[in-house]
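The values are calculated or read from the model by the stated rules, or taken from the named source; none is laboratory data. As the structure is a computational prediction, the values presented were derived from the model and not from experiment. Please note: Cβ atoms are built from the backbone with ideal geometry, for glycine as well, and neighbour counts cover all protein chains shown. Note: areas computed on protein heavy atoms with side chains; ligands, DNA, RNA excluded. Shrake-Rupley method; radii C 1.70, N 1.55, O 1.52, S 1.80 Å.
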Amino acid sequence: MTAYYLTTPIYYANDVPHIGHAYTTIAADAVARFRRLHGQDVFLLTGTDEHGVNIERIAAERGLSPQQHVDRLAASFRDLWAQLDISYDRFVRTTEPAHERAALELWRRLQSSGDLYRGVYEGAYCSRCEAYYQRDELVGADCPVHRLPCEQVQEENWFFRLSRYQDTLERLVRETDFVQPESRRNEVLGVLAQGLRDFSISRRQVRWGIAVPDAPDEVLYVWVDALANYLTGVGFPDDQSTFERYWPADVHIVGKEIIRFHCLYWPALLLSAGLPLPRRVFAHGWLTREGHKISKTTGNVIDPAALTRDFGADAVRYYFLRAIPFGQDGDIQHASFVARYNADLANDFGNLVQRATRLGSRDRCLQPPPESEPLGPAEEELREHARELSVRVGATVEALALHEAVTAISAFVGQANRYIEITAPWNLAKQGASDRLERVLDHVVEAARLAAWYYAPIIPRAATAAHQRLAGTPPSPGHGTFETGGRGTVVFGPPLFPRRE
Ligand code: MSP
């Protein structure tokens, strides 16, 4: 079994999760589930980023110790992931002792490669991004992401020799698929064209962090601490066998505002530490409302927990994966959420499952159709659609074009519904054409089962329920092709997606 290791960013434990965090995590979970369904040995990592000056400040504002504060928030992320059926393999927290060991081992390696030196940093710092900015990157005096004033920092600390990796990184970004999609690769090339500058890798005026060895009044720069989570998650440095099984990561899925850290800092740190590089970084776009990035700071958040309570995890997962081309920005609206729910889930997929289970379970256990009953053009066409579906889903998941994977499955649902209309099994029953009816029912039930199998990574609850009703089993690897003849009892049940106004 080939291993597949993918990650989400670890989210700042400064406030409860919002829909942007949910979006990334849902997408990563869908990929993980697709890969598992195709028989891969998947490891999905998520977690929380719990250090830094911002978290220290917010905890103090709330009258909590930083640890109490991050404990509460890590729990709220885990709760939401449970509600959204996120099948992560490990939830990493940067305040765990295991993580401290990983981050310090990384530090030790950077030090022994000669890439750390003492220097003085003077300039702008955005504590919300936890990022240093050059003057020409600011918008007026504001941070380009949050549009809020940066603080002026001046301190002596450790620097990392990023500039040493300029050529290697340029080749990596230009000549490989390390950064995706294309628009983001160009952006990273733009940063490279300006020339990489060394960056401060420790902070003095921050206490809430991992203490730097032999410099007790300094902590690791929070981004280096955070990036190391991808190593911690798969056992570095203690559990060599897990680490070798999964590292390097196949993909880091991130939002587009953190590509500099993932596409430049991270590979440089790994090169310096003598560790293999992740295969790719995929940056998706921003969810926006009226054109503004949804964020706590902007104050335009949508509560994913409330949306999930109202519509169910499947509906939330479906909408975000279907409505926004993965990799691009997308404006989200309540009206389009309800419209898609009704059209795609209640009508198309929900209806296909209802029809197939009603027809299939009508009065008996479905029999294998008689050998003598030939396949007509409608059956040949349906099987051809099923072959195309398998090819399309394989290619789109590989490219992380998740919206196209969803579109391909929903197109197949449409084809299956049309097959029912063309073959009109209700007429065959009236005409007493029982062999033909047997053949048609077998195809209807199988088409619905196959749709449910492919939908399982997107809408796991409904797809699993549908697969159970149609095949008597949950979806499992190796059943993504059209299988006909001979099956157990088909069971009719209540609608999977009741219509909503
Ligand atoms: N802690 C850092 C990441 C460290 S990873 C080594 C961080 N945390 S964050 O809480 O700000 O989360 C940022 C991530 O959340 C984004 O990269 C993206 O994955 C997701 N999103 C947050 N807001 C979003 C939108 N409005 N739209 C889409 N994704 C968003 O940065």
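Against the longest alpha carbon principal axis of the chain, how many degrees, from 0 to 90 and to the nearest 10, is the axis of helix 166-175 turned?
In the chain, helix 166-175 runs at an angle near 10 degrees to the longest axis.
So what's the angle, to the nearest 10 degrees on a 0 to 90 scale, between helix 434-455 and the longest Cα principal axis of the chain?
10
Let me understand region 333-471 better: what is its radius of gyration from the alpha carbons, and its Dmax, in angstrom?
For region 333-471, the Cα radius of gyration and maximum Cα-Cα distance read 15.6, 53 Å.
Would you mind working out the magnitude of the charge dipole of the chain relative to its Cα centre, with +1 at each Lys and Arg C-beta and -1 at each Asp and Glu C-beta, to the nearest 20 Debye?
Approximately 800 debye in magnitude.
Rounded to the nearest 500 deg cm²/dmol, what is the calculated helix-only ellipticity per residue at 222 nm for the chain, with -39500 (n - 2.57) per DSSP H run of length n ≥ 4?
So the calculated ellipticity at 222 nm is -14500 deg cm²/dmol.
Are there trypsin sites (Lys or Arg not before Pro) in region 436-501 that DSSP marks as loop and that have at most 14 other Cβ atoms within 10 Å, and which are they?
Arg499, Arg500
What residues qualify as long-range amide H neighbours of Gly47, i.e. H under 5 Å apart, gap of 5 or more or another chain, H built at 1.01 Å from N?
Here the answer is Tyr11, Val92, since their amide H atoms fall under 5 Å of that of Gly47.
From the P(r) of region 166-214, could you give the percentage of C-alpha pairs in the tail past 12 Å?
Looking at region 166-214, the distances longer than 12 Å represent 70 percent of pairs.
Tell me the relative contact order for region 428-501 as a rounded percent, counting alpha carbon contacts under 8 Å between residues six or more apart.
Value for region 428-501: 27 percent.
When Lys and Arg each count +1 and Asp and Glu each count -1, what net charge do the other residues less than 13 Å away from Asp198, Cβ to Cβ, add up to?
+3
Pick out, in residue order, every one of the chymotrypsin sites (Phe, Trp or Tyr not before Pro) in region 401-501 that is DSSP loop and has at most 16 other C-beta atoms within 10 Å; say none if there are none.
Phe492
When you count, for each residue, the other Cβ atoms within 10 Å and take the mean per peptide, how do 304-317, 1-14 rank with the highest first?
1-14, 304-317
Determine the per residue accessible area of the chain with all protein chains present and a 1.4 angstrom probe, expressed in square angstrom.
That works out to 40 Å² for each residue.
Among Gly190, Ala465, Pro276, which residue has its Cα furthest toward the positive end of the charge dipole of the chain, with +1 on Lys/Arg Cβ and -1 on Asp/Glu Cβ?
Ala465
By how many degrees, between 0 and 90 and to the nearest 10, does the Cα long axis of helix 19-37 differ from the longest principal axis of the chain?
For 19-37 against the chain, the angle is about 60 degrees.
Using alpha carbon centroids, what distance separates region 55-88 and region 147-178, in Å?
With region 55-88 and region 147-178 each reduced to a Cα centre, they are spaced 29 Å.
Which percent of the accessible area of the chain is formed by carbon and sulfur heavy atoms (probe 1.4 angstrom)?
50
Tally Lys/Arg at +1 and Asp/Glu at -1 over every other residue whose Cβ is under 12 Å from the Cβ of Ser113; what's the total?
+3
Using the Cα atoms as the points, what is the convex hull volume per residue of region 105-230 in Å³?
Here the figure is 128 Å³ per residue.
If one computes P(r) from the Cα atoms of region 243-335, what percent of pairs lie at distances over 18 Å?
59
Express in % the proportion of alpha carbon pairs of the chain at distances exceeding 30 Å.
That tail contains 52 percent of the Cα-Cα pairs.
Please list 3J(HN,Hα) in residue order for region 92-98, calculated via the Karplus relation 6.51 cos²θ - 1.76 cosθ + 1.60 where θ = phi - 60°; whole Hz, with x for glycine and proline.
Computed from phi, the couplings for region 92-98 are 9, 10, 6, 8, 6, x, 4 Hz.
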